1. Can you tell which of N19, N14 is modelled with pLDDT under 85, of a type in the set (S, T, N, Q), assigned to a strand (DSSP E or B) and open to solvent by 30 Å² or more (accessible area, probe 1.4 Å)?
2. Condition first: among the hydrophobic types (A, V, I, L, M, F, W, C), assigned to a strand (DSSP E or B) and either open to solvent by 30 Å² or more (accessible area, probe 1.4 Å) or touching a Lys or Arg at 6+ places or on another chain (Cβ under 7 Å) (or both). Now tell me which residues in segment 110-124 satisfy that.
3. Of all the residues that make up segment 92-109, how many are in a strand (DSSP E or B), on the phi < 0 side of the Ramachandran plot and either at pLDDT below 95 or touching a Phe, Trp or Tyr at 6+ places or on another chain (Cβ under 7 Å) (or both)?
4. For segment 58-91, which residues satisfy the criterion of being assigned to a strand (DSSP E or B) and either closer than 30 Å to Q144 by Cα or within 25 Å of the chain's Cα centre (by Cα) (or both)?
5. For residues in segment 91-109 being of a type outside the set (A, V, I, L, M) and in contact (Cβ under 8 Å) with a residue 60 or more places away in the chain, which is surrounded by the most Cβ atoms within 10 Å (Cβ to Cβ)?
6. Mind checking which pairs have a first residue in segment 153-178 that is at negative phi and a second that is part of a loop (DSSP other than H, G, I, E, B) and aromatic (F, W, Y), Cβ under 6 Å, 6 or more apart or different chains?
7. Does N66 satisfy the condition of being closer than 30 Å to D35 by Cα and either among the acidic types (D, E) or open to solvent by 50 Å² or more (accessible area, probe 1.4 Å) (or both)?
8. Given the conditions (1) closer than 30 Å to W23 by Cα; (2) modelled with pLDDT of 90 or more; (3) within 23 Å of the chain's Cα centre (by Cα), report the number of the one that D46 does not fulfil.
Amino acid sequence: RPYFDWTKPSDHGNAGTDNSYYWMITDKDGRSVDDGTTSATYDRPDINLSDGDYTFWVQAQDKVGNWGTYSHTEFTIDTTGPTSPKPYQPSGAITDNNPWIRWNYDSSENWKFDIDLEEWNEIIWWPESGWPKTVTRKGEIQAQNLQLGEDYRVRTTAYDLAGNPGSPSEFQHFNIVA
């Protein structure tokens, strides 16, 4: 839930401020989605807003009941994570046991990635020692000292600039051959 705070008006006038405030939240179309009153210079509306753009308005009332002009600020609710890209490299049979893992990266959408690297151990996929690893603001990481003759799989989980995680990508499979 969003939290808002504001300061008392600087010009209290002859009547002074009564510490009474009216606030309202409007959606991008200007429709009121919530409102309330308070005597404090902050409020945390008891509403769960869906993703979107909003405006918070606040207005002060003086001791004799006169309302001042509205002040406002715009804000965005973003709780949806980005799509996590499937790694495109390495793929299939490779000979390098220090392969670069690469995926498509868009700096305007993705802030960081968690990279899961797993090794097949006869009956289950097992996380590679030291993984997952976090990569910030790039689309590659190098794996080190992978075992010859082993099967591996790798996937990404992308995070947007707001820190929202996406769902993990599909796994990309590869194996190290001699």
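The values are calculated or read from the model by the stated rules, or taken from the named source; none is laboratory data. Keep in mind that what you see is a predicted model, and the values were worked out from it rather than measured. Cβ sites come from the backbone with ideal geometry, for glycine too, and all protein chains shown count toward neighbours. When the accessible area is computed, the model is the full protein with side chains, heavy atoms only, and any ligands, DNA or RNA have been set aside. Shrake-Rupley method; radii C 1.70, N 1.55, O 1.52, S 1.80 Å.
1. The match here is N19.
2. Hits for segment 110-124 are W111, I115, W120.
3. Total satisfying the criteria: 2.
4. If the condition is that a residue be assigned to a strand (DSSP E or B) and either closer than 30 Å to Q144 by Cα or within 25 Å of the chain's Cα centre (by Cα) (or both), then H72, T73, E74, F75, T76, I77, Q89 are the ones that fit.
5. W103
6. As it stands, the answer is R153/F171; R155/F171; T156/W103, since those pairs meet every condition given.
7. yes
8. (2)
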